[in-house]
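Working notes, structure below.
Read-outs: derived from the displayed coordinates by stated rules, not from any lab. Owing to the predicted nature of the structure, the values given are computational and were not obtained by experimental measurement. Cβ placement follows ideal geometry from the backbone for every residue including glycine, while neighbour counts extend to all protein chains displayed.
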Amino acid sequence: MAEETREVRGRLPKDLKIAFEIACARLEVTQTAALEEAIRDWLQKKESPGGDKAQGS
């Protein structure tokens, strides 16, 4: 059975969005896969001891 998914939306500076699109194309990875990896990495960083969690950012 396929994993249930949800849509995430947000706004980024134009140059960051373009750089992301180019990097995904160059690496032959979907933007969805890249975003999922980035979010998982961010969550792991924030939840790890010594992460930015204590600094409130």
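One table, with the values for the structure above:
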| quantity | calculated |
| --- | --- |
| Every pair of residues 6+ apart whose Cβ atoms lie under 8 Å, when the first sits in region 34-50 and is acidic (Asp, Glu) while the second is part of a helix (DSSP H, G or I) | 47/53 |
| Residues that are surrounded by 10 or more Cβ atoms within 10 Å (Cβ to Cβ) and not aliphatic (A, V, I, L, M), drawn from region 10-29 | 17, 20, 21, 24 |
